[in-house]
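Engineer: Provided herewith is a single structure, encoded as structure tokens, for subsequent inquiry.
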């Protein structure tokens, strides 16, 4: 049985109005029992842990970020932190206090990093204001700007994907597209991809996008809505195929189709 998750909460904050919520940052040795002991410790004191995530850093250490609901706990957050510090392998514990009742965010981490590069998280209100605002304020000029901006972003993604591929011994541009670009695009929450056709000579690709983040903003527009995403794939394929490319949207959820589909061919 395949597990399919339509939504995945990346957990950078916790919003539970009326609850006593806190955050905890933990640095520890890379030991699978550490997180288990933390979870069991919380359960033993009536602490709920709605979300917990961790990643491996240098020297075999892990950094974990957890958000806890202390509403029904029989200890304070300070006492909980002290008990966590007593677990073997724990090096440091930082408490994140709520900035409003029922709301706490990770305001302690300076930067988010993805594959060695700084990353940002832009929720829908942010990118909707950017994309829809650009189209509303500047019309066709705004659409052209989004396309060419996406093109440049796509080329930069392409260079990054080629670096990944080189380290994995993958040289064929179609294989880079299918094995590197497609899963990375989905992993960033931009949409699920399906490569319908792809060939390097002559360079051409047909890519189907499900739940396209840009075209979701234009549902009901009765016409293809993608400019930024079209530019991304034109630029991506231009970098992989080493040739100027252009992307046309043949199907679009904004005009009632079940998915978006791009045809990318030489410019």
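Engineer: What pairs come out if I take residues in the stretch 16-44 that are assigned by TED's automatic domain parsing to the domain that holds residue 95 and over 23 Å from residue 71 (Cβ atoms) and pair them with residues that are buried (at least 17 other Cβ atoms within 10 Å of the Cβ) and modelled with pLDDT under 85 whose C-beta lies under 6 Å away, six or more apart or interchain?
Structural biologist: If the second residue must be buried (at least 17 other Cβ atoms within 10 Å of the Cβ) and modelled with pLDDT under 85, the pairs left are 28/34.
Engineer: Looking at (1) modelled with pLDDT of 95 or more; (2) out of contact with any strand residue (DSSP E or B) (no Cβ under 7 Å at 6 or more places or on another chain), find the lone condition where residue 223 falls short.
Structural biologist: It fails just one condition, (1).
Engineer: A follow-up question, please. Go through the stretch 204-227 and give me each residue that's free of Cβ contacts under 8 Å to residues at least 60 places away in the same chain, in a loop (DSSP other than H, G, I, E, B) and under 16 Å from the mean Cα position of the chain (by Cα).
Structural biologist: Of everything in the stretch 204-227, those that are free of Cβ contacts under 8 Å to residues at least 60 places away in the same chain, in a loop (DSSP other than H, G, I, E, B) and under 16 Å from the mean Cα position of the chain (by Cα) turn out to be 211, 212.
Engineer: Now for a different question. Tell me, yes or no, whether the stretch 180-203 has at least one residue that is in contact (Cβ under 8 Å) with a residue 40 or more places away in the chain, within 23 Å of residue 139 (Cβ to Cβ) and in the same structural domain as residue 131 (by TED's automatic domain parsing).
Structural biologist: No, the stretch 180-203 contains no residue that is in contact (Cβ under 8 Å) with a residue 40 or more places away in the chain, within 23 Å of residue 139 (Cβ to Cβ) and in the same structural domain as residue 131 (by TED's automatic domain parsing).
Engineer: For the stretch 40-66, which residues satisfy the criterion of being modelled with pLDDT of 85 or more and outside any strand (DSSP E or B)?
Structural biologist: Of everything in the stretch 40-66, those that are modelled with pLDDT of 85 or more and outside any strand (DSSP E or B) turn out to be 40, 41, 42, 43, 44, 45, 46, 47.
Engineer: While we're here: Name every residue in the stretch 167-179 that is free of Cβ contacts under 8 Å to residues at least 24 places away in the same chain and either surrounded by fewer than 15 Cβ atoms within 10 Å (Cβ to Cβ) or closer than 14 Å to residue 237 by Cβ (or both), in order of residue number.
Structural biologist: Scanning the stretch 167-179 gives 167, 168, 169, 171, 175, 178.
Engineer: State whether the residues of the stretch 186-194 include one that is in contact with a strand residue (DSSP E or B) (Cβ under 8 Å, 6 or more places away or on another chain), assigned to a helix (DSSP H, G or I) and modelled with pLDDT under 95.
Structural biologist: yes
Engineer: Take the residues in the stretch 115-166 that are without any contact (Cβ under 8 Å) to a residue 60 or more places away in the chain and in contact with a strand residue (DSSP E or B) (Cβ under 8 Å, 6 or more places away or on another chain); name whichever of them is nearest to residue 236 (Cα to Cα).
Structural biologist: Selected residue: 160.
The values are calculated or read from the model by the stated rules, or taken from the named source; none is laboratory data. Since we're looking at a predicted model, the values are computed, not measured. So basically every Cβ, Gly included, is an ideal-geometry build from the backbone, and we count neighbours across all protein chains shown.
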